[in-house]
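Report on one structure; see the data block that follows.
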Amino acid sequence: FLKLIASDPEGKKKLAEVAKNYGLIKVGDIDDIVQKKEAVTIFDQILNNSSEFAKYKTEIGVGKDEEVWQKFFSKNSWILGSDFVEVLDERRLDVENITDYLLKSFDGFVDIVELKLPDAPFWTEDNIPRSELTAASMQCHRYLLQTERNIKDLEFAKKIKFTPIAKPRITLIYGRSYSWNPDQKENYRVLNSSYSNLNVMSYDHLLERAKRLTGMVKTEK
């Protein structure tokens, strides 16, 4: 429909007039949407195709698989969620703890995102969290504790651009979920409900949300 109207010079003028008067489209909006859709396509390819992952890894010039995801999400931080408005430069919490991302949330405070690999094991045969997932969640809680300990550290405050710290939350990106059965999906809900400041998401959860945000998958009514 838009192509049909835009093919006519008068139609173009009308579209511009409507967009301007109702504030529907700003300069750069369409380009931004296109770039986000391209990012989602790359995300899908490197997540589900090992050869595409290897190709992308070579293109960006990194040596470790973890660095591939760190680079990708640094470039496309919007995929991590609309709660975050800025990726802060600092990652080191103390001598021993370095997280993947410190972020400024939409309410102006510091939050954290920690990445594990897509092949990280999630469930045991009895559909309970694997020890690797438990260890990752404990690591996340240590990050939260250390972040709060830095509240009065002036040097740390400078490194995070004086972004205030108050009850930080952490998102753990961990493993895959595309093949989960109903019991595992239910247990995932139970697992997340047991945490107060930690939210566990799989790479598939991120991909699905990104597709919906860009209109690549229609949201069910």
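The values are calculated or read from the model by the stated rules, or taken from the named source; none is laboratory data. This is a predicted model, so every value here is computed, not measured. Glycine gets a Cβ as well: all are built from the backbone with ideal geometry, and neighbour counts include every protein chain shown. Ligands, DNA and RNA are excluded from the accessible area calculation, which covers all protein heavy atoms including side chains. Shrake-Rupley method; radii C 1.70, N 1.55, O 1.52, S 1.80 Å.
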Helix axis angle, 182-193 relative to the chain longest principal axis, alpha carbon, degrees: 70 degrees
Estimated inter-spin distance, LYS167 and ASP32, nm [label 7 Å along Cα→Cβ]: 3.0 nm
Hydrodynamic radius (Kirkwood) for the stretch 72-175, which is based on Cα pairs only, to one decimal in Å: 14.4 Å
Gained length - SER179 relative to GLU67, 0.36 nm times residue gap less alpha-carbon distance: 37.8 nm
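Report, as a whole number in µm² per second, the diffusion coefficient that Stokes-Einstein gives for the chain at 20 °C and 1.002 mPa s using the Kirkwood radius over alpha carbon pairs.
In µm²/s, the coefficient rounds to 108.
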Rounded to 10°, Cα long-axis angle of helix 9-22 versus longest principal axis of the chain: 50 degrees
Linear extension gain, LYS14 paired with ASP107, 0.36 nm per residue minus alpha-carbon span: 29.6 nm
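Can you order the peptides 179-185, 101-107 by their average number of other Cβ atoms within 10 Å per residue, highest first?
101-107, 179-185
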Three-way shape label, the stretch 124-221, alpha-carbon gyration tensor, a/c 1.5: oblate
Extension gain from SER193 to MET216, taking 0.36 nm per residue of separation minus the Cα-Cα distance: 5.4 nm
Cα-projected label distance for ASN127 with GLU86, points at 7 Å along beta-carbon direction, nm: 4.5 nm
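Provide the per residue accessible area, probe 1.4 Å, for the stretch 96-157, rounded to a whole number of square angstrom.
That works out to 52 Å² for each residue.
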Within straight-line cross-link reach of LYS161, aspartates and glutamates at Cα separation under 12 Å, skipping those fewer than 8 residues along the same chain: GLU86, ASP89, GLU90
Pairs beyond 30 Å (Cα-Cα), from LYS36/LYS185; LYS12/LYS104; LYS71/LYS104: LYS12/LYS104
Members of LYS37/LYS167; LYS3/LYS57; LYS116/LYS211 lying beyond 31 Å, as alpha-carbon distances in this model show: LYS37/LYS167; LYS3/LYS57
Apportionment of accessible area to carbon and sulfur, the chain, percent (1.4 Å): 53 percent
Most to least packed among 59-67, 169-177 [average Cβ atoms within 10 Å]: 169-177, 59-67
Percentage, to the nearest whole number, of Cα pairs in the stretch 103-142 over 14 Å apart: 58 percent
